[in-house]
Structure formats: C-alpha cells, structure tokens
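The values are calculated or read from the model by the stated rules, or taken from the named source; none is laboratory data. In this text, all values refer to a predicted model and were calculated from it rather than measured experimentally. Quick reminder, even Gly has a Cβ in these numbers, built from the backbone with ideal geometry, and neighbours come from all protein chains shown. Note: areas computed on protein heavy atoms with side chains; ligands, DNA, RNA excluded. Shrake-Rupley method; radii C 1.70, N 1.55, O 1.52, S 1.80 Å.
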There are 2 protein chains.
Amino acid sequence: MSETASATPLSAADVALFNKWWHAANYLSIAQIYLLANPLLREPLKLEHTKPRLLGHWGTTPGLNFLYLHLNRIIREQDRSILFVAGPGHGAPGVVASTYLEGTYSEYFPAVTQDADGLARLVKQFSFPGGIPSHAAPTTPGSINEGGELGYSLSHSYGAVFDNPDLIVACVVGDGESETGPLATSWHSNKFLDPKTDGAVLPILHLNGYKIANPTILARISPEELLSLFRGYGYDPIVVEGDDPDTMHQKMAVAMDTAFAAISKIQKAARENNDTTRPMWPMIIMRTPKGWTCPKTVDGLRTEGYWRAHQVPITDLTKPEHLKLLDTWLHSYKPEELFDENGTLMPEIAALAPKGDRRMSANPHANGGLLRRDLRLPDVTEYAVAVSSPGHELGEATRVLGSWLRDVMKENLSSRNFRVLAPDENNSNRLNAVLDVTNRAWNAETFDYDDHLAVNGHVMEILSEHTCQGWLEGYLLTGRHGFMSCYEAFIHIVDSMVNQHAKWIKQADEVSWRAPIASLNYLLTSHVWRQDHNGFSHQDPGFIDHVLNKKAKTVRVYLPPDANTLLCTAKTCLESRDRVNVIVAGKQPEPQWLDMDSAIAHCAKGIGIWEWASNDKGGEPDVVMACAGDVPTMETLAAVQLLNKHLPDLKIRVINVVDLLTLESKSQHPDGLEDYVFDSLFTTDKPVIFAFHGYPALIHKLIYKRTNCRNFHVHGYREEGSTTTPFDMTVRNHLDRFHLVQNVIRRVPGLANKAAYANQAIADKLVEHTRYVAQYGKDMPEIENWRWS
Amino acid sequence: MSETASATPLSAADVALFNKWWHAANYLSIAQIYLLANPLLREPLKLEHTKPRLLGHWGTTPGLNFLYLHLNRIIREQDRSILFVAGPGHGAPGVVASTYLEGTYSEYFPAVTQDADGLARLVKQFSFPGGIPSHAAPTTPGSINEGGELGYSLSHSYGAVFDNPDLIVACVVGDGESETGPLATSWHSNKFLDPKTDGAVLPILHLNGYKIANPTILARISPEELLSLFRGYGYDPIVVEGDDPDTMHQKMAVAMDTAFAAISKIQKAARENNDTTRPMWPMIIMRTPKGWTCPKTVDGLRTEGYWRAHQVPITDLTKPEHLKLLDTWLHSYKPEELFDENGTLMPEIAALAPKGDRRMSANPHANGGLLRRDLRLPDVTEYAVAVSSPGHELGEATRVLGSWLRDVMKENLSSRNFRVLAPDENNSNRLNAVLDVTNRAWNAETFDYDDHLAVNGHVMEILSEHTCQGWLEGYLLTGRHGFMSCYEAFIHIVDSMVNQHAKWIKQADEVSWRAPIASLNYLLTSHVWRQDHNGFSHQDPGFIDHVLNKKAKTVRVYLPPDANTLLCTAKTCLESRDRVNVIVAGKQPEPQWLDMDSAIAHCAKGIGIWEWASNDKGGEPDVVMACAGDVPTMETLAAVQLLNKHLPDLKIRVINVVDLLTLESKSQHPDGLEDYVFDSLFTTDKPVIFAFHGYPALIHKLIYKRTNCRNFHVHGYREEGSTTTPFDMTVRNHLDRFHLVQNVIRRVPGLANKAAYANQAIADKLVEHTRYVAQYGKDMPEIENWRWS
Ligand SMILES: Cc1ncc(C[n+]2csc(CCOP(=O)(O)OP(=O)(O)O)c2C)c(N)n1
Ligand SMILES: Cc1ncc(C[n+]2csc(CCOP(=O)(O)OP(=O)(O)O)c2C)c(N)n1
Ligand SMILES: [Mg+2]
Ligand SMILES: [Mg+2]
C-alpha cells in the first residue's frame, strides 16, 4: 500500500460535521491549556481568564483528536471494540477533550457536567493543583498508557490484545517516540500474535515531523526508506499525508476503512479458515503538521508545522498581541457553533460519538480490574519437595516452581488469562515445565525440529526485557495475570518501566472508578551468587533497592531460601493485586530447609527464628545470625555449624527473612514488624551478623529506626566478582561461612581472646580455598558436599 | 545489494590457509572451554585433562573467528585501522583465541607465551578462578564492549568512530541481540554520522538463527522483509549465506571487498568532493549455522545449527561417549598441523595477522585512555553569576553552565574531542548556548528553517537515552570527552547501561595496560521538584540511589545549590577520570547563594557550614539544618528565616552538602568525611533536620555509621506528586519550609511548649497555601517572591 487514493467516502455533510467535532476537541484542548474561566468565550477574552502558569502540550493534540474522531466513525459503522492508546501521552488535553465530548468524562467525574459550569471545571482543572495531571494518566478515562515516559505504547497495546480476540487497539505512536529503543523493537510484536485467538493492533505513526526541539528521524528519511522500514517490520503501511482538513478527512476515512477491512480479512482467514500464517498487518502513517491549526507564526517565528508548537505555542499573555492571537486562535474554531447556550455540545456533533461501552473511553478493557477474574491456583502442598530433615536434600527451587506454574497454566488455559514471560530465559531459568501444557507464542517461520513454538502459545519469549515488560503491563492493565522471569542483573533494563507502572498503580488506586489489577510478578534468578557461564556483568542485586523507592503499599520483595518457601511465595504473589512483587531465588541445586508445613508457617510470618538451627532457647543469645536469600541462608547455617564445633558454648539464634519488608518499621511499610516484635527477635543489644543476598547498605536503610540498628553487621554483595566458582563468589564478597564466623568472633564481646585458635583455623581455610579453586577450578569437596547436621 | 556473486577472489592456497587460521581459532576456543591441561592433545584426551566445570559459549564463536580472520585480510591488504566489536561478547573464547593467534595476547600477558606452556595457561585461565572472565571484558585486548548485557554494540561502535575519520569499527551484532530495544534503534545512528570528519561502522549481522533457547526473529522472517528492514534503516545489505567453509571464504572475501570499497567511495566523495549527503552505508548479513563445525548431534539431539550449540555443546564428560565426541571434535581441526612442536603457531598461519598496531587487538583506539588528552577548560570564574549578597539575585543554573560549556566546546573544537549529548532535551535543559559555536549532528533531510542542524555538529540529540548513552560510552572508551544532560526521572532508562559501564571502569582499573579514560558525566535536570509541563511520571530522584551501589571509587554525586557551585562542580567532573559523575541541578530561575570565591571554597570541601545563615557561632547549636540540592536549600533557608522570626533564641547551624558522598564514612568512600569532622559539623547529639533532594532513606543509608545518625530527620521525595505548582510539590512531600519548621519544633527538646503559637501560625500557612493554589493555580506571592534576608 501507499498513499490513499482519491476516494471520497464521506459526504460533504459528514465532512462538515467531522470538522465540527474536531474543532470542538481542539478548542477544548486549547481551553484546558489556557483558560481559567470564560470557557466558551462568551465574554471578551481577558488576561484574568487565563491561567497564570501555561502548562501542557498542544503539538501532538490536533493529530490525536483527528484520529479519535475517525476511529469513532469506524466504531459507529462497524460496531467494533476499540481501545485508544496515545503514545504521546502528553497529548492528554486532546484525549480528555474527546472523552468529554463523548460524555464519558462526565459519567466518571460527575462534577464535570455537560454544560457551561462543567466546562469551566474541565478547563480549570487541567494541570492545576488539585486537578488532573498533564498526561494520559489513570485519571483519564480509557487510558492504559500514561505516555509520560515515551516508548511503551506499542508493547502495551500488544499486551492488551493478547487473548482478547475481539479487541482492537488503535495505537498512536509518536515519531519522536519511535526513536526510543523500546518502541523500535516493539514493532516486532506482530511475530507473537495469533490472528485467531488474539485481537489486533492498528499502529498509527503520528508523523508530525518533530519532537521537543528537533526534527524526527522518520520524518527526514526518504519515503522509500520509511516504507521499506515498516515493511521490514512486517506491516503494510497506509500513508495519509496533508494539511487541508477536508481532504484529510476523506483520506483518513479511506485509510481507516482499508485498515479495518484488512484486519477483518486477516481475522476471518484465521478464524474461519484456520489460516494463522503471519500476515502483513495494516498500519497507518499520518503525516500532518505538528500543532496543526495553531497560528502559523508567533512573534514572526514559525510555529505550526514546527517544533515550536510542541508545548504552549503562545506564551506570556501579558503582551496584548499575544492575548489577541490566542483569542483569534480560539475563535477560529467557532465555539458558538459547537456548544448551545447551556454550554452543551450540539446534539448533531454529539451524535458522532459511539454509544455506551463502545466509546473508547468507556471500553471495559481500559479498566481491566473490572474484568479481572482470580486465577485458579493449584494447592502448593502437592508440589512440595520432601524435606526429611532440614538441609538434607538438594533441590532446584525454580524447577519446582516450574511444575507448579505448569499447572497454574493448565488450570487457567481455557480462561486464556495467564501468560509466562521471559527474555529468552524461560528454559535457562528452569521454568520449562510450563511448555508441557502450552507453547511459546511464535508466528514466524518454523521448522519441524523447533521446540514448542506455536501461534497460540502462552509463553512469551523475545530477547527484549522492554517488550516482555510492556506486553505484561498491557496484559495486566486489561485484567489478566502474568509471571515474568529474568536474570537478576538485567532486570535493571526495565527499571524505568517499573517506576512508571508502580506510579500508575499508586495513582489508579486514588481514582475511585479504577478497579485493582493483578500484580506485576517477577522471579529474578541466575542471580549474583550463581553465575556459571557468566561473570561480573551478570552480577547486580540492586533491583530490590530500586523498587523499594516506590510507594510502600505497592512493593514487596521476597527472598525464599528454598523450593517450598518459593512455592508459597509465588502463590501469595499471584493472589495479590495492585503490587509489584519481586521474588529472588536461585535455579541451582541447593539444600532444602523447610518441609511444606514449616514453609507455610514461615512465609505467613515472613520472618522467623529457625529453632532447629538455634541453641539459645530459654535464654538470651550471644549473637543473632540472620539471613535473607538462598545462598546467604546456606552460608549462615554453615557458619553456625562451624561455630557450634569451634565454640560450643556460644548461644546462637538463627533468623531467616523471606519477606524483606518485615525489617522496615511498621510506620513505613505495611509488612513491617512492630518494634516490640523486632526487638524481641533481634534483641536490643546483641550483635547481629546478617548475611544478605543484595547490597549490604540496603539492610541498614531498612532498619535505621530499630533499637538495635547499630549492632547490625551486614554481609552482602560488594561489587566484586568474575567468572569463578560459586563459593569463591561468596568469599570475594565476604559472604561466605568463614568470613561470617570471623565477624562473629570479632563482634561478640569477649569472644576474641577465647576464639583465637578457631579464628586462625578459619583464616587457614580461606587460604586453602583460594589455593584449591585456583588449582582445580571447583570448590573444595567439603564445600561442595557440605550438608547441615 | 544482495547475495554475493560467485566471484573467487581467494586462491586455493589462500583458502587452505584461511581454513587453518580458522581451525586454530576454533580449536583454541574449544580448548579454553574444555581443557585444563594437554592443550595440544599430544597425549590421548582423558577426563582429568578437562575442566570440572564446563563454562563458556561456543555458539557464536566460530562466526566471530571467521569474521576476525576476514577482517585481518582487509587490514593486511588495505592497511586499515579497524576495531572489532563483538556484540555477543560471550564469544570471548573466540576473541581471546584470535588475539592470541596474532600475538597481542602474549604481549599484554607475558606469561601466556606462544608455546605449549603459554597455551596451557591460555586454556586453563578461561572462566577459571583467578583467570579471565567469560566475556569480552576489559582484560580482552582490543575490546571496548563487554557484551555481557546485549544491545549496545552498535551504539558503542558509532561512538567510537565519531571524530575518528580513519577508524572503521567492524561491529558484529547478534541476531538475538538485534531484538533488544537499544540495538533496534541504534541502526539509526547513521543519520548522525559525517562521512568526512567521522569514521565508519561496518555492521555485520551475525544471523546464526538462534539465541539461548529460541530461534531469532530476524532468522525467521522472509528474506524480503529482512532486506527491507535494513534498507529502511538506511543500509545496503550484503548477504553471505552458507555453511561450506571453502565457498564461504570466497563469499566473505567478496563481501568484505565490496563493503570496504563502498566505504572508501563514500569517504572519498565526502572528503574530496565535499559530498556528505547521507549514503546507504554497507552492512553484511552473515547467515551461518549456530555453533558452526561442532558435532551435528549430541546424544541424538540436533546441535550444530541449533540453539543447543549456544553454550557448551557436549557436557558431562564422565560419559565416555561424550569424552570421545569431544576428542573427535577437537581433532577435527587437526591441531598438529596448526602448531609446531614447541606449540607455536605455524609461521605461515601467523603471517595472516596484520602487524603491530594494525592488529585489531592492538588498535590504540581500543585502549582510549592512552589517546586521551585533557580538555582545555575555560576559567569558571569568568562565567560566575554576580552575587551581591546570598539569595539576593535569581539565576538559571543550567543556563549559566551552558555558557561555560559553549566555551569548553569552542576551546576544544579544533581537537574534535568533546561532544554534548541529550535525548532531545538540550534546549529544554537550557544548554542551548553550545549551539552558538557548533550544531546538532544531523545527516538527514534538512530545510532552511531548521535550527542548527549540520552534518558535522558536536551536539548529539536523538530521542533515545540508550543511544545517547551508548554513543557517549563509545566516545569515552576511545579516549574522548563528553557531557550528557537528561531529565532526572528518565535517566533510569539507562540504569543498566550505567551499571555495565561502571563495572567496566572498575575492571579496567585492575588491568595494568589499560589507561584511565574520561569520566561519564551527567547533568540531571528537569528534576523532581520542578516539572511545569509534566507530572508524576517525571518525578523520580532515584538514579543517585542506583549509582551508589557501584564501587565507591567510581561514583560521585553532586547537588550544587546554585549556578556558581554548578560551574565549579562541572569543571571537577570534566577534569576527572574513570568515574561516573552525577550532577543534579535545576533549570529554573532560583536564588543564587554563593559568589564565585565562596563557591570554589565550598565545592572544594564538598560540604560546609553556611555561616551567614547560621547563628550558633561560638556556641553549640540547638538544631542543625542541613540541605542538599537546590530546592531543599531554598526551603531550608526559608525555614531558618521563619525560625529566626518566630523563635529568635533558637541557635541554628546551617550546613549545605554539594558532594553527597562526604556524608558516607571515610572507610566506605574516598570523599567521606573523617568521623571527627562529621561529628564536629553535625554534633553528636543535636537534632539534624535534613532537607534532601532525593528519597530520604538514602541519607540514612549513607550515615548509618555516624555517631549522631539517630537524630537525623530527613525530608525528601515521598513519591507524592502531580502536575502542580513548584511549592505545592514540596508541600505534598513535606520538604517545604513550613514542614521543616514544624519538625524543628518537634525535635528540639523543650521547644514544643514554647513554640505552640509559632506552630499554629505555620499550620495556618499550610492551609492558606492549599487554598491559594487551588484557587489561583500559582504559588502565594510571599512564596514566589521570597528572598533570603
Ligand atoms: C523516554 C523519554 N525521553 C524524553 C522525553 C521528553 N520528551 C517529552 S515529549 C518529547 C518529544 C516527543 O516527540 P513525539 O513522540 O514526536 O511526540 P509529538 O510530536 O506527537 O508531541 C520528549 C523528548 C520523554 N517524555 N520520554
Ligand atoms: C539484555 C540481555 N538479556 C538477556 C541476556 C541473556 N543472554 C545471553 S546470550 C543470549 C542469546 C544471544 O543471542 P545472539 O545475540 O543471537 O548471540 P549468539 O547467537 O551469536 O550467541 C541471551 C538471551 C543477555 N545477555 N542480555
Ligand atoms: Mg512528533
Ligand atoms: Mg544468534
């Protein structure tokens, strides 16, 4: 496809009406940016009618309004379920205006009525203290994409249509946004779409030529390159180019008709003839001036069709000529023809909106929490690893989890509301059991020797953490459930996306009509302590530091020490809502500590004394040995065993932490222990040797309000590492049993003298270790074969 | 272009020799993965010759080796300066083998000699404790891309060739790597390249069909789509496809000849005829089997040409048939024909390597620190903002910095070794003065109304934080300097890249032959407290938390409170080496506190008492008011003023922190204050009300070892925000002057009773504020016009 031909599907009356709707949307957009009062300009515009701070983005807005209107035509004519995603979410004035015009806004926000009074509220509240934010935030009806941080519109859109066969997402992608990495790769999402059981995404490239202060790449390459690029991505672009509104309405109508007909044809072939071969999906390239219909110049400087139109085209209204220009601009849309004397939209214009739930702003998928159904979760006890006595058996925690996830998948397969995602790491992370009941989604060439690839698979693997994350967010926001696994170090790739999602959850929670959605669940594995094929670049446990900066209500961090605790934790996460849950667990064979009953009891508390490893019962401990994380737990127990041997009189209490936030004060986190409980566990004055999975300072940050905080001595990752043996990693970072013992000897008052021989024996062990691994390339047998006893 | 024709530029003898080199490189790669001893198989292979832990990645390696060899031919024949970037850096066994074959490895690591003994060391050390890591790390000669975290090879490569007209980077991009967002957008870097004053990148897509456990997208779309995609990106692809080595040598030779001829032609047109129009740059698509030349099957399972070849194709060598298969595989390369009896590479094979610095592993650009020349930095005092008395004048800190940066640019323009980067935010961040002396780099269509776009500009703007970051890293690693500005919240987009770069710096520092490089310098602005057009999504001060997890030696965080301190700080950063420097400063008009002399003195210490704002001199303070960051500083001073008014007897000490790491203990960070200095500043027992730019817990994390830590009460960002007024942002997060005063009243022993009236006056102010902003949409005049006095 290329330029739309010169067909004219719209009558002159249609065009006139379409212009009116567009004028109304544009008018209200500008009014939101500029006006504090006098929203219909029934009085002559005065400075005091304008806002003291002019905030907002006009540049993308007329384009969004134009598209919204044309999508509404399709919905009306074809009775489609369409969601509108505004990649440039800063075009919220437009999105809000459109949803107001179709009435939804007043339904959600009853004070913003369909009259002059409501209009006054509408325009004042925008970007105003106590009002609404300037982006397509959770407050915006119909939005699932805030769009403040650019780049995620397309992956969100694909996430939304997976398993929603009747849904079409019209996804407007900014041409600036297209330059971001996440967006640039997300075009390939079409290779993961099943035209039969999934819906469709109609990407619309908003080629307005500019970003904040620069032209965009896509606007400045040749048309051949542009088309070639999108064909290479697997799309069939329909170009709609121009700036004359009447002509453009006709062109856009043709383009929309063509695009939706193509989608229908593809879906029909898939659904009626079972032809799910990946087609070239349609897309629209809309090339229009940035800030379309604003003044051509301001102060003699090019504005319409230039980057100067990006935000507020006319500023400093204390200049009379500016105020006048604004007045002329506003009047150019003829508000008096758009709203009746009550300030209500003229009925013939209002009739352009679809009805009820068909309005994009009222589409139930945009408030996914309403559609969310709980998952059917198999009883975790049936997947339990048998633990005859603590530390006796070995188990691969994530593989055990995999078998449970397989059955979660199986139980919910018919509901098609659960997906498992990973950036090409599902097998590596040992969750491959899920492939027993479903496949990897794949709609590209296949060969007979391929492994579990199928068009309708429910395991999603693309080597893009961003795309996995974006898909999952889109899937969750439309009311479904998911589970993502990732190498611990590389989850930082999506730090910023997680921020945005956590912010979305926090804000949505404050919006009365938004229902809770399923949590964003991560399993981080291939973690810092177990790298095998990789080294230093794969070692970073800092994602938990990152998420803890978000609202306490939203985030949880779990460090299950073995398979059964991992099972319990995973279940908790899949049952929870409106959270970001981070589970960190290793994939290698490791000692199993708790049988299922103990695991359930331990995870329910989130933290607890391991009585079978402690010897201080009935008295006070000399030292508390605390641990969080699988490897730190093993090293702690090994240290305890050494201490029992060398210093049998030492009273030791062992505490294991699964729910990291129990450490924080109750006033700071809902999971935080009450101070008296914390004090009773950790004492108020005894040394605490804490073996921690992550960066040590994080523990200090969590406990700074606790009575005993100064006696915590935390061992964790010190940013030392390479490709080496597992135990050597702990030694390099002083997390190993030997360094833990040394620190106990150092910190327990009066122990140093008594323990000089023990200390020396331990120091010798460290030398022995270093020599051994350098010679043999593996850990000493006493380390490899160590068992708790 | 498409498939290479059937030309045969190589003689039969060439082909035979090429195969030998390739065999030698492949052989040594496998030997590194598998062998502990017996590197030349002069004894029959036994289990004890093999490593107990088999670590490494074979899959990508034969392809890398093949390309390395063919690039060497070009260098020998055309005397080119070429750098080799291995996108799949996990192919380090291959890169290391190739550099060993060309002798460089032994020059850098004298123990690894060119004989049997050296070979034994070479093979043993790989992925071995105390040896070398498994990726193309700083220990790898010729590497500027670790490649552990995939996605940055191409942006690194472009960064390396900017301003290096004679350099060509041959950048091997994994087909899996291509799926990452950062890689997918970095193809567009060609729109920022000047064929005249920059070098060239030859991208080579390593289309081996698979990633860890999945096929790759690019291998499973039609050839038309594949070519279309890369033409759309602006490249002219040359396809080299097959698996028969002899034929493939001919094809690759043709492809290389074609590609380098195309590069020469483009550069000639630009350099001799001044034709710098963006050409279609050549690229090579190499489609070969993954794990090429390894066993076709292992245990009956498809291995060569499949994802099973990704890491170690044959494992568990205790199975005799596995050991045998390995033996056969190793012998298939005929080591006896490759190395003489001393274990030295046969001279006719060795002759295939280029000489001296022309060896890619010895190319000086890969050890950029050696080429780095200090910048000429204008005297900051000449750019100073006049400050008649503290807080009297307003200034826009980043704009002032912009004028200094302009002259840094000017002074170094002839050296072409300084670039300023931003993701379409250079103007928004108010650094536009640099455009007075240079332009934005832009090699795509332009119009006469464009603003400072030029092919050879030194300001780099693409709407991709990832690409900016990757370019800058490549530029720094090859010995140049740079400065990147970014919205504070969105710098999280590159969290993971920063991790990797910081890790590179740390490791490179431990490699004796790597010279220090210029620091990675960030200005973070449009920060959390000043959002204007944006809202909650743009509010996240957590990047400083993120970088502080990296090695203390490497990271610095500066929070200059005004323009003059910003100037001093920026100078320090541009002079430093081997660091990640983060400066956070606002771009809005704000009070200026320090004249240049005071600023220099203050920044040199990094922290200090502001005497003019304190009233405790000669005695003990009742309270310490500390602040870090521009907005917190202003709020603190406003609070002090209120306290002086309401509670004139209160003794207040004001401390400002510019260098955040002064707060940390000396034992933890080189900039940390000695405890006695810290205690003297902050006292050992007085309440400290700390107004902090970022998340409050960060301060607690930094000071947990300090005597007075329990008396620190930190105000900072609480993850509350929206599009609202500047002062309202501080109120919502309790960072404002009123909340600070309230906390002083609460925390100073005995003050509460005395200050009840003051307290109530303050509470009333907060109510008044909230009502005012909701009505007028701007801050109260007493806030807007507040001045220190
Ligand atoms: C990831 C990211 N980087 C930078 C910004 C700052 N920013 C806001 S709008 C914008 C330009 C967007 O251009 P485009 O996508 O073309 O949108 P439009 O022209 O439709 O406004 C930029 C760079 C951002 N919002 N997100
Ligand atoms: C960003 C990132 N995500 C995930 C990984 C884990 N990983 C290591 S290698 C690999 C596959 C790489 O495939 P490709 O780029 O095709 O390399 P090759 O086939 O040449 O080995 C993956 C997913 C990684 N290294 N980086
Ligand atoms: Mg644009
Ligand atoms: Mg590959």
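Would you check which residues across the range B:655-686 are over 31 Å from the mean Cα position of the chain (by Cα) and open to solvent by less than 10 Å² (accessible area, probe 1.4 Å) and list them?
B:Ile655, B:Phe678, B:Phe682 - these are the residues of the range B:655-686 that are over 31 Å from the mean Cα position of the chain (by Cα) and open to solvent by less than 10 Å² (accessible area, probe 1.4 Å).
Among the listed residues B:Gly209, B:Gly291, B:Gly199, B:Gly305, identify the single one that is more than 29 Å from A:Trp187 (Cβ to Cβ) and within 14 Å of ligand 4 (Cβ to nearest atom).
Just a single option satisfies the conditions, and that option is B:Gly291.
For the range B:71-123, which residues satisfy the criterion of being among the acidic types (Asp, Glu), in contact with a Ser or Thr (Cβ under 7 Å, 6 or more places away or on another chain) and surrounded by fewer than 24 Cβ atoms within 10 Å (Cβ to Cβ)?
B:Asp115
Working carefully through the options A:Val688, A:Val658, find the one that is in contact with a Ser or Thr (Cβ under 7 Å, 6 or more places away or on another chain) and among the aliphatic types (A, V, I, L, M).
That would be A:Val658, the only listed residue that is in contact with a Ser or Thr (Cβ under 7 Å, 6 or more places away or on another chain) and among the aliphatic types (A, V, I, L, M).
Go through the range A:194-232 residue by residue and tally those that are within 13 Å of another protein chain (Cβ to nearest Cβ), within 29 Å of the chain's Cα centre (by Cα) and either under 27 Å from A:Ala444 (Cα atoms) or hydroxyl-bearing (Ser, Thr, Tyr) (or both).
Going through the range A:194-232 one residue at a time, the tally reaches 8.
Which is away from chain B (no Cβ under 13 Å), of a type outside the set (Lys, Arg) and part of a helix (DSSP H, G or I), of A:Gln760, A:Gln775?
Among A:Gln760, A:Gln775, only A:Gln760 is away from chain B (no Cβ under 13 Å), of a type outside the set (Lys, Arg) and part of a helix (DSSP H, G or I).
For B:Val169, only one of the following conditions fails: (1) within 14 Å of another protein chain (Cβ to nearest Cβ); (2) more than 16 Å from ligand 4 (Cβ to nearest atom). What is its number?
With respect to (1) within 14 Å of another protein chain (Cβ to nearest Cβ); (2) more than 16 Å from ligand 4 (Cβ to nearest atom), B:Val169 is out only on (1).
For the structure I just gave you, tell me whether B:Gly142 is away from ligand 2 (no atom under 12 Å from the Cβ) and on the phi > 0 side of the Ramachandran plot.
yes
Could you count how many residues in the range B:465-504 are closer than 25 Å to B:Asp163 by Cβ, more than 16 Å from ligand 2 (Cβ to nearest atom) and within 14 Å of chain A (Cβ to nearest Cβ)?
Of the residues in that region, 6 qualify.
Taking only the range B:193-227 into account, find how many residues are under 21 Å from B:Gly174 (Cβ atoms), not in a loop (DSSP other than H, G, I, E, B) and not hydrophobic (A, V, I, L, M, F, W, C).
Number satisfying all stated conditions: 6.
Given the criteria basic (Lys, Arg), within 26 Å of B:Val547 (Cα to Cα) and in the same structural domain as A:Phe682 (by TED's automatic domain parsing), does A:Arg747 qualify?
Taking the combined requirement at face value, the residue does not satisfy it.
Does B:Gly535 count as within 14 Å of chain A (Cβ to nearest Cβ) and over 16 Å from the mean Cα position of the chain (by Cα)?
yes
Spot the failing condition for A:Glu179; the list is (1) more than 8 Å from chain B (Cβ to nearest Cβ); (2) over 15 Å from A:Leu67 (Cβ atoms); (3) among the acidic types (Asp, Glu), and only one is missed.
(1)
Are any residues in the range A:213-241 aliphatic (A, V, I, L, M) and under 20 Å from A:Lys290 (Cα atoms), and if so, which ones?
Within the range A:213-241, A:Ala213, A:Ile217, A:Leu218, A:Ala219, A:Ile221, A:Leu226, A:Ile238, A:Val239, A:Val240 qualify.
Please tell me if A:Pro378 is assigned to a loop (DSSP other than H, G, I, E, B), open to solvent by less than 20 Å² (accessible area, probe 1.4 Å) and modelled with pLDDT of 95 or more.
yes
Any residue in the range A:52-70 that is of a type outside the set (Lys, Arg), touching a Pro at 6+ places or on another chain (Cβ under 9 Å) and surrounded by fewer than 21 Cβ atoms within 10 Å (Cβ to Cβ)?
Checking the range A:52-70: not a single residue is of a type outside the set (Lys, Arg), touching a Pro at 6+ places or on another chain (Cβ under 9 Å) and surrounded by fewer than 21 Cβ atoms within 10 Å (Cβ to Cβ).
Could you tell me which numbered condition A:Val494 fails, if it satisfies all but one of (1) under 22 Å from A:Asn549 (Cβ atoms); (2) open to solvent by less than 10 Å² (accessible area, probe 1.4 Å); (3) touching a residue at least 40 places away in the same chain (Cβ under 8 Å)?
(3)
Of everything in the range B:742-766 that's in contact (Cβ under 8 Å) with a residue 60 or more places away in the chain and among the small types (Gly, Ala, Ser), which residue is most open to solvent (accessible area, probe 1.4 Å)?
B:Ala761
Would you mind stating whether B:Glu48 is modelled with pLDDT of 95 or more, under 29 Å from B:Gly479 (Cα atoms), part of a helix (DSSP H, G or I) and of a type in the set (Asp, Glu)?
Judged against the criteria, B:Glu48 is not a match.
Looking at B:Glu336, B:Glu341 in this structure, which one is in a loop (DSSP other than H, G, I, E, B) and of a type in the set (D, E, K, R)?
It is B:Glu341.
Can you pull out the residues in the range A:306-327 that are outside any loop (DSSP other than H, G, I, E, B) and open to solvent by less than 70 Å² (accessible area, probe 1.4 Å)?
A:Trp307, A:Ala309, A:His322, A:Leu323, A:Leu325, A:Leu326, A:Asp327
Which of the numbered conditions does B:Gln592 fail, given that it passes all the others? Conditions: (1) polar (S, T, N, Q); (2) away from every other protein chain (no Cβ under 14 Å); (3) more than 21 Å from B:Leu375 (Cα to Cα); (4) open to solvent by 10 Å² or more (accessible area, probe 1.4 Å).
(4)
So which strands (runs of 3 or more DSSP E) are wholly in the range A:388-474 and hold at least 3 residues that are surrounded by 20 or more Cβ atoms within 10 Å (Cβ to Cβ) and in contact (Cβ under 8 Å) with a residue 60 or more places away in the chain?
A:418-422
Take the conditions in contact (Cβ under 8 Å) with a residue 60 or more places away in the chain, within 14 Å of chain A (Cβ to nearest Cβ), away from ligand 4 (no atom under 16 Å from the Cβ) and polar (S, T, N, Q) and apply them to B:Gln78. Does it pass?
Judged against the criteria, B:Gln78 is not a match.
Going through A:His769, A:His739, A:His734 one at a time, which residue ends up being in contact (Cβ under 8 Å) with a residue 12 or more places away in the chain, open to solvent by less than 40 Å² (accessible area, probe 1.4 Å) and over 22 Å from A:Pro648 (Cα atoms)?
The match here is A:His769.
Being among the small types (Gly, Ala, Ser) and without any contact (Cβ under 8 Å) to a residue 24 or more places away in the chain is the requirement here; does A:Ser106 meet it?
yes
Just to verify a result, which residue in the range A:150-168, among those that are within 16 Å of ligand 1 (Cβ to nearest atom) and open to solvent by 10 Å² or more (accessible area, probe 1.4 Å), is farthest from A:Asn190 (Cα to Cα)?
Among them, the one singled out is A:Leu150.
Return the residues of the range A:476-504 that are more than 10 Å from the chain's Cα centre (by Cα) and part of a helix (DSSP H, G or I); say none if nothing qualifies.
A:Ala489, A:Phe490, A:Ile491, A:His492, A:Ile493
Answer yes if at least one residue in the range B:560-576 is farther than 22 Å from B:Met484 by Cβ and of a type in the set (A, V, I, L, M, F, W, C), and no otherwise.
Looking through the range B:560-576, none of the residues is farther than 22 Å from B:Met484 by Cβ and of a type in the set (A, V, I, L, M, F, W, C).
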